[in-house]
Amino acid sequence: MPPTGTRLHPTGRLIPADLDEQKVRAVVDLFYARARADDVIGPVFNRVIAGPDWPEHLATITDFWSSMLLGTGRYAGRPMPRHLALRELGDAHFARWLSLFRATVEELCSPETAALFVDRAERVAHSFRIGLAISRGEDSTRIEILRAP
């Protein structure tokens, strides 16, 4: 039986008591508001996602994080191909994404929930960086995981 206030993810791991749909949405909304205004990653987001498309994108990203962290299964997309098309993406973008993401979740979440978000974000960034290297014909075996500063 899970501790009081927690529940089990379909994988069997515990979901922190403060992690729910409202928390996921709050993280997504605040993070992307910051990301869009950022000097490093903002230009990429703002070029790729047109203004009227932001609400739909935020809903999709909320579904992604809800599926990953809460096991809701709402996201069934394939984010890799869209990211592979962004030829300008590099480690500086992923490092900044992780830095802003960590700052956001540490502001909004308990330490346990923030750590879970950051762990998953680091894994996502690593996966994308490997996919990008492979698609560019680069050696992906030497890519080390970026940690959110």
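The values are calculated or read from the model by the stated rules, or taken from the named source; none is laboratory data. Bear in mind that the values here come from a model prediction, so they are computed numbers and not experimental data. Here the Cβ is made from the backbone with ideal geometry for all residues, glycine too, and neighbour counts use every protein chain on show.
Overview of values
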{"item": "Extreme residue, surrounded by the fewest Cβ atoms within 10 Å (Cβ to Cβ), among residues of segment 132-149 that are part of a loop (DSSP other than H, G, I, E, B) and either among the hydroxyl-bearing types (Ser, Thr, Tyr) or touching a residue at least 12 places away in the same chain (Cβ under 8 Å) (or both)", "result": "Pro149"}
{"item": "Filtered residues of segment 100-126 (kept if polar (S, T, N, Q) and either surrounded by 18 or more Cβ atoms within 10 Å (Cβ to Cβ) or under 22 Å from Asp39 (Cα atoms) (or both))", "result": "Thr104, Thr113"}
{"item": "Conditions (1) surrounded by 15 or more Cβ atoms within 10 Å (Cβ to Cβ); (2) part of a helix (DSSP H, G or I); number of the one not met by Leu89", "result": "(2)"}
{"item": "Which listed residue, of Trp65, Trp54, Trp97, is under 16 Å from Tyr32 (Cβ atoms), at pLDDT below 95 and assigned to a helix (DSSP H, G or I)", "result": "Trp54"}
{"item": "Pair list, Cβ < 7 Å and 6+ apart or interchain, from segment 37-64 residues that are under 15 Å from Phe101 (Cα atoms) to residues that are β-branched (Val, Ile, Thr) and surrounded by 15 or more Cβ atoms within 10 Å (Cβ to Cβ)", "result": "Leu58/Val28; Ile61/Val28; Thr62/Val24; Thr62/Val28"}
{"item": "Residue among Arg82, Arg129 that alone is loosely packed, with under 14 Cβ neighbours inside 10 Å and in a helix (DSSP H, G or I)", "result": "Arg82"}
